[in-house]
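Shown next, in structure tokens, is the structure this report addresses.
No value in this document is a laboratory result; all are computed from the given coordinates. Since the structure is predicted, the reported quantities are computational estimates derived from the model, not experimental observations. Counting neighbours? That spans all protein chains shown, and the Cβs are built from the backbone with ideal geometry, glycine included.
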């Protein structure tokens, strides 16, 4: 079992956007019944068949590291969180579609995670300014996920989705908007119903990640 | 005519205070959240605005600004409005938002929030019974009744915060209490944390692989449900599922451990930052202040004990006593009336400003610590309630720090309250709070080094 390769993916985002529910859904194929605050970091593992069906099929363990807290935490908490950001293969940024601030905070979250390697002493230098250059030579693939789409009224959906499209472009990331419910996912208007199709959805999410 | 001018000055200042409260709310409190219900922001700013107006009226009283009768009118009006807000509006909205969070009662929100408000009023009324606050000749819904009860709650809060603050302030300022934390300690803890995470991961990998093989072999892992399911599971159980539950328990224990380690590491980082701060110039200055404050704190505790034991309530205020001492013992002659006005203005002004600032800082810290995106509305309203009650009772207590000629308006407006009772009550609660904070901090301080020094 340890002979399978491992892939480490961080799941970042503000408090209450649905990271723990998302991770639980991806790994356990079940909806999380009683979400509570994540203290520190909780990890879950998913076994994934990369390039399934082709002769290059390989099975990986995908570790989803769900880091709790907020961008406004004390610097001591940020320094402690920094220990989880080592040798990351991919980052999933989660924001709440009903809460604009959580999308704006994603810039700060990604700076915190990506700048880890530049400042080894653990003192984070972030002035909150967003610099696209910083993401231009970033090798780590990013995925932006927006949650709670069902809580937005029908008429406002278009406006919200356009805003998030700009957000994803800023990060040079792929974007998915979804609803964490027992019955279905919504992927930019396409409906992928039911659980048997879960694996296919999972494959779509992670096709950005290569691990050599 | 002068009444109009006075009223317009009051209204302008009220708008200014309202704006300040609004800005404070947006910039500090709700920095990380989105304001969806503007009602909350309005209520908070309104409470803040009217509370500050009360302090402003006290200052005007001392300085003699504005017409005396218009001051009196504005006092009365301000007081009525604040009491209305604190007793009717804010509790009702707190009940409303609490009920809105519970999904079951969503449809009949208004009915349930009214019920909650009525319960609150009942307990609020009962609060007045055990205390000898009033003479019974006042009617049910008079200002005195409401103020006396609001005063009791507010004075309790003030004394609790005061007691804890008086003890905590030297504890945080002085570097004597800082534990010695080295980089190796932190690295050691971080390593343990990462090791724990790795163990959790390897166990979860086993579980995931086991589930996958079970799924592929066609076994379905279903938990025993129902009565017969439970009986069946006692006698026969799939070996795979048994294994999984065992590993799951181990994983739960490890996750708990990882949370503990995370919190301890954060604690060590915070201590390290404080140590570095204490070596700077500012840090040394605060350290010196800390010694000064610890002496002040011990003196205050001593005075509170004396007041209670000897049943003594100070008759004169510090300003007059200070002037008496300088005139009688030091023989310095100066214009008593002129100086007493200015000195009391400065003293009262300092007390007001520091208490407002201190309260706002404490509220902000408290809010950051316990709020989440669901409960932020309720918590902000609770804080507005606490703030209002705190300011009303500071008016009650500030009366003691002012010379006699300025006390009259407060006595006139607030009616026949037993002011001495409030001071005695403040002393008692202050003493209790300070002593229990000392005990609490002592225990916390003793416990911490043992936790992370263990190999």
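Note on region B:253-300: along the principal axes its Cα atoms extend 48, 28, 7 Å, ordered by decreasing extent. Taking label points 7 Å from Cα along the Cα-to-Cβ direction, residue B:213 and residue B:198 give a separation of 2.4 nm.
Ranked by the mean number of other Cβ atoms within 10 Å of their residues, highest first, the peptides B:78-87, B:384-393 fall in the order B:384-393, B:78-87. One quarter of the convex hull surface built on the alpha carbon atoms of region B:146-189 amounts to 4.9 nm², the projected area averaged over directions. Counting other Cβ atoms within 10 Å as a rough exposure proxy, the listed residues A:6, B:407 run A:6, B:407 from fewest neighbours to most. Extension gain for residue B:342-residue B:77 works out to 92.7 nm (0.36 nm per residue, less the C-alpha to C-alpha distance). Per-residue shielding of B:341-351, expressed as the average number of other chain Cβ atoms within 10 Å of the residue Cβ, stands at 0.
As an equivalent ellipsoid, region B:8-86 spans semi-axes of 28, 13, 9 angstrom, where each value is the square root of five times an eigenvalue of the C-alpha gyration tensor, largest first. Potential lengthening of the chain between residue B:428 and residue B:16 amounts to 144.6 nm, from the contour at 0.36 nm per residue minus the alpha-carbon distance. Label reach from residue A:31 (point 7 Å along Cα→C-beta): in region B:90-122, amide nitrogens under 20 Å belong to B:101-107.
Full extension of the chain segment joining residue B:436 with residue B:2 gains 151.0 nm, where the gain is 0.36 nm per residue of separation less the Cα-Cα distance.
Legend: ranking of residues A:100, A:148 from fewest to most surrounding C-beta atoms inside 10 Å; resulting order A:100, A:148.
The calculated FRET efficiency for the pair residue A:49 and residue B:302, based on their C-beta separation and a Förster distance of 51 Å, comes to about 0.10.
Within region A:62-110, the proportion of C-alpha pairs whose separation exceeds 12 Å stands at 69%.
Each of B:284, B:126, B:204 was scored by other Cβ atoms within 10 Å of its Cβ. Arranged with the fewest first, they read B:126, B:284, B:204.
With contacts taken as Cα pairs under 8 Å at a separation of at least 6 residues, region B:40-198 carries a relative contact order of 14 percent.
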